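Asks: Sharing a structure with you now.
The values are calculated or read from the model by the stated rules, or taken from the named source; none is laboratory data. On a predicted model such as this, the values are computed, not experimentally measured, just so you know. Don't worry about glycine lacking a Cβ; one is built from the backbone with ideal geometry, like all the others, and counts go over all protein chains shown. The accessibility values were calculated without ligands, DNA or RNA, using every heavy atom of the protein model including side chains. Shrake-Rupley method; radii C 1.70, N 1.55, O 1.52, S 1.80 Å.
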Amino acid sequence: MGKIHIKLGELLENKGLSRNKFAQRAELQRTQLNKYINNEVALLSIDVLARMCSVLNCEISDILEYEKD
């Protein structure tokens, strides 16, 4: 069936943003951010994804990747 891979950690590193600064700008709890970075999120929030894209000035496809089996 495949799975969704969240590339948020890589994006933050490439943009030179710290987790704390990003969490503050995207209005996320640090634990919530860590779950996204570690691909431990069971349900994706479109609100959260929109804030991430806004802060990172990117597209959803820059954050999410579908991996086929």
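Asks: Just to be sure before I move on: is Lys3 open to solvent by 100 Å² or more (accessible area, probe 1.4 Å) and within 11 Å of the chain's Cα centre (by Cα) in the structure I sent?
Replies: No; evaluated as a whole, the condition is false for this residue.
Asks: Now for a separate question. Has the stretch 11-25 got any residue that is within 18 Å of Glu67 (Cβ to Cβ), without any contact (Cβ under 8 Å) to a residue 60 or more places away in the chain, in contact with an Asp or Glu (Cβ under 9 Å, 6 or more places away or on another chain) and not aromatic (Phe, Trp, Tyr)? Talk me through it step by step, then tell me what you get.
Replies: Restricting attention to the stretch 11-25, the residues satisfying the condition of being within 18 Å of Glu67 (Cβ to Cβ) are 11.
The next check asks that each one be without any contact (Cβ under 8 Å) to a residue 60 or more places away in the chain; those that pass are 11.
Narrowing further to those that are in contact with an Asp or Glu (Cβ under 9 Å, 6 or more places away or on another chain): 11.
Okay, now just the ones that are also not aromatic (Phe, Trp, Tyr), so 11.
Yes.
Asks: How many residues, within the stretch 55-67, are open to solvent by 60 Å² or more (accessible area, probe 1.4 Å) and aliphatic (A, V, I, L, M)? So that I can check it myself, show each step before the final result.
Replies: Restricting attention to the stretch 55-67, the residues satisfying the condition of being open to solvent by 60 Å² or more (accessible area, probe 1.4 Å) are 57, 59-62, 65-67.
Next, only the ones that are aliphatic (A, V, I, L, M) stay: 60.
Here the count works out to 1.
Asks: Shifting gears a bit: Take the stretch 39-53 and flag every residue that is touching a residue at least 24 places away in the same chain (Cβ under 8 Å) and not β-branched (Val, Ile, Thr).
Replies: Going through the stretch 39-53, the residues touching a residue at least 24 places away in the same chain (Cβ under 8 Å) turn out to be 39, 41, 44, 51-52.
Those that are touching a residue at least 24 places away in the same chain (Cβ under 8 Å) and not β-branched (Val, Ile, Thr): Asn39, Leu44, Arg51, Met52.
Asks: Sticking with this structure for a sec: For the stretch 26-54, give me the residue count where each residue is charged (D, E, K, R), under 25 Å from Glu67 (Cα atoms) and exposed (fewer than 13 other Cβ atoms within 10 Å of the Cβ).
Replies: First pass over the stretch 26-54, keeping only residues charged (D, E, K, R): 27, 30, 35, 40, 47, 51.
Pick out the ones that are also under 25 Å from Glu67 (Cα atoms) and you get 35, 40, 47, 51.
The next check asks that each one be exposed (fewer than 13 other Cβ atoms within 10 Å of the Cβ); those that pass are 40, 47.
Residues flagged as charged (D, E, K, R), under 25 Å from Glu67 (Cα atoms) and exposed (fewer than 13 other Cβ atoms within 10 Å of the Cβ) within the stretch 26-54 amount to 2.
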